[in-house]
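Novice: A single structure is presented below for examination.
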Amino acid sequence: MNVPEHPRFGLDEYRERTGRLRAALRELEIDVLLVTSPANLFWLTDYEASWYPPRLPVGVAVWAHEERTLFFDWSRHEEFLPYDALYDEAEFFDYGTAHITVAEQLARRSPGARVALEWSSPTPVPGVMVPLGEELSARGMSVSAGDWIVDGLRVYKSPAERERVLAAGAIADRVFRRLHETLRPGLSELEVAALVTTFMSEEGGEVPAQHPLVASGPSAWRDVHSFPSRRVLEPGDIVSVDASAVVDRYHVNLCRVFSLGRAHPGVSQLLDAARESLDVLCANAHPGDDPAIAMARAEQALRDRVPAEKVWWTGGYALGVSFPPSWVGHTYLANDGPHRITLEEGYLSNFESILRDRVEHFEAAAIDTVLMTDEGLRPLSTIPRELLIAG
């Protein structure tokens, strides 16, 4: 077995993960699963890259009835892969013939096997996966969908994963407290985002799955998903900062609202309702429950105090292993994702209350990360959901 130079978890952790996957595959009557999702690859093998070629099926094949894994990677990664991943065997391919290489190797090792593919993986593109499926079928193998199998296994964080989550939460709080002390008029949104990135690095964080979001001034209410701009902050601005702290690819998402130099009763009122909504969510989330129950009560508490036109969105989605361009998981507090779940110890989610006033032109956004413990759901941030006066 090849072991990476600096694995982020102990080998027993990876063996336990792969063992659970094999059990799941046997239950689903799948012989081999080809895992290509970057997040799932990392979870199983510790493999991490800054770029996954969209035209190559980089991935790992896991057998249900044998304790072996076969890693497929680009020929240019022949020296990189042994340093970075946990696997038993490796095969390398090139553009144009990669799908043939993968099919040949799987068919040679397991003729006539039932193979599942992650069709919904961010990479590679359908133009690679469809020919791969066809090539496998042509070689006498049956092909099925293997989406969300690994995702489902990693929904509930292990004790070791929770350690990373708590460390990331502490980093996020330290960064936002430093930003509270540093934020001032004259900085551009881009400079604020760069400050957040610098603070994250200085506090022990890593590269996040998405850049920090900074929305300021009279257009902030509509700039929810915009890149930070060259707009320069002015006295009296309301500024929302949304960022994630990362430890070993485990993200903790946090968003708070700052005012540059003055109180703003309208923003404070909305944030007070957002704080109450978080309290209601945590008070009504119990182990074994459908998360939609607590989410519905939290949303109702918010809407009881905030007019519908001021609620852009409230809800949450699973967090955990994240790679660009997204940290969004496949399960949601409203339980309307690809798979339904229950609240069990180790479930990790963000919880967003994105509020805005389109007449007065301001945003009041609050995002927390919440972790399910044996005592219930708890927010990881110690920074209150309130307007932070800066500058």
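Novice: Kindly indicate whether any position in segment 162-170 is among the acidic types (Asp, Glu) and in contact (Cβ under 8 Å) with a residue 24 or more places away in the chain.
Specialist: No, there is no match, as no residue in segment 162-170 is among the acidic types (Asp, Glu) and in contact (Cβ under 8 Å) with a residue 24 or more places away in the chain.
Novice: Which members of segment 210-238 meet the condition of being open to solvent by 60 Å² or more (accessible area, probe 1.4 Å) and of a type in the set (Phe, Trp, Tyr)?
Specialist: PHE227
Novice: Condition first: open to solvent by less than 30 Å² (accessible area, probe 1.4 Å), in contact with a helix residue (DSSP H, G or I) (Cβ under 9 Å, 6 or more places away or on another chain) and either within 23 Å of ALA24 (Cα to Cα) or among the hydroxyl-bearing types (Ser, Thr, Tyr) (or both). Now tell me which residues in segment 104-131 satisfy that.
Specialist: Those that are open to solvent by less than 30 Å² (accessible area, probe 1.4 Å), in contact with a helix residue (DSSP H, G or I) (Cβ under 9 Å, 6 or more places away or on another chain) and either within 23 Å of ALA24 (Cα to Cα) or among the hydroxyl-bearing types (Ser, Thr, Tyr) (or both): LEU106, ALA107, ALA113, VAL115, ALA116, LEU117, GLU118, SER121, THR123, MET129.
Novice: Just checking, which of ALA292, ALA296 is part of a helix (DSSP H, G or I), among the aliphatic types (A, V, I, L, M) and open to solvent by 50 Å² or more (accessible area, probe 1.4 Å)?
Specialist: On inspection, the qualifying residue turns out to be ALA296.
Novice: Moving on to the next point. Scan segment 45-85 residue by residue and report those that are open to solvent by 10 Å² or more (accessible area, probe 1.4 Å), under 25 Å from GLU206 (Cβ atoms) and assigned to a helix (DSSP H, G or I).
Specialist: ARG76, HIS77, PRO82, TYR83, ASP84
Novice: Quick one: what pairs do we get from segment 131-145, first residue on the phi > 0 side of the Ramachandran plot, second at pLDDT 95 or above and surrounded by 13 or more Cβ atoms within 10 Å (Cβ to Cβ), C-beta under 8 Å, 6+ apart or different chains?
Specialist: Matching pairs, first to second residue: GLY140/ALA107.
Novice: Can you tell me which residues in segment 258-289 are open to solvent by less than 60 Å² (accessible area, probe 1.4 Å), under 30 Å from GLU345 (Cα atoms) and either in contact with a Pro (Cβ under 6 Å, 6 or more places away or on another chain) or not charged (D, E, K, R) (or both)?
Specialist: Answer for segment 258-289, where residues must be open to solvent by less than 60 Å² (accessible area, probe 1.4 Å), under 30 Å from GLU345 (Cα atoms) and either in contact with a Pro (Cβ under 6 Å, 6 or more places away or on another chain) or not charged (D, E, K, R) (or both): LEU271, ALA273, ALA274, SER277, LEU278, VAL280, LEU281, CYS282, ASN284, ALA285, GLY288.
Novice: Could you check segment 175-234 and list, in sequence order, the residues that are of a type in the set (Lys, Arg), out of contact with any Lys or Arg (no Cβ under 9 Å at 6 or more places or on another chain) and assigned to a helix (DSSP H, G or I)?
Specialist: Within segment 175-234, ARG177, ARG178 meet the criteria.
Novice: So LEU195 passes all but one of these: (1) surrounded by 15 or more Cβ atoms within 10 Å (Cβ to Cβ); (2) free of Cβ contacts under 8 Å to residues at least 12 places away in the same chain. Which condition number does it fail?
Specialist: Among (1) surrounded by 15 or more Cβ atoms within 10 Å (Cβ to Cβ); (2) free of Cβ contacts under 8 Å to residues at least 12 places away in the same chain, the lone unmet condition for LEU195 is (2).
Novice: Of these, GLY127, GLY112, GLY140, which one is farther than 30 Å from GLY205 by Cα, outside any strand (DSSP E or B) and modelled with pLDDT under 95?
Specialist: GLY127
The values are calculated or read from the model by the stated rules, or taken from the named source; none is laboratory data. Computed from a prediction, not measured in an experiment: that's the story for all the values here. Methodologically, a virtual Cβ is constructed for each residue, glycine included, from the backbone with ideal geometry; neighbour enumeration extends over all protein chains shown. Accessible surface areas use protein heavy atoms only, side chains included; no ligands, DNA or RNA. Shrake-Rupley method; radii C 1.70, N 1.55, O 1.52, S 1.80 Å.
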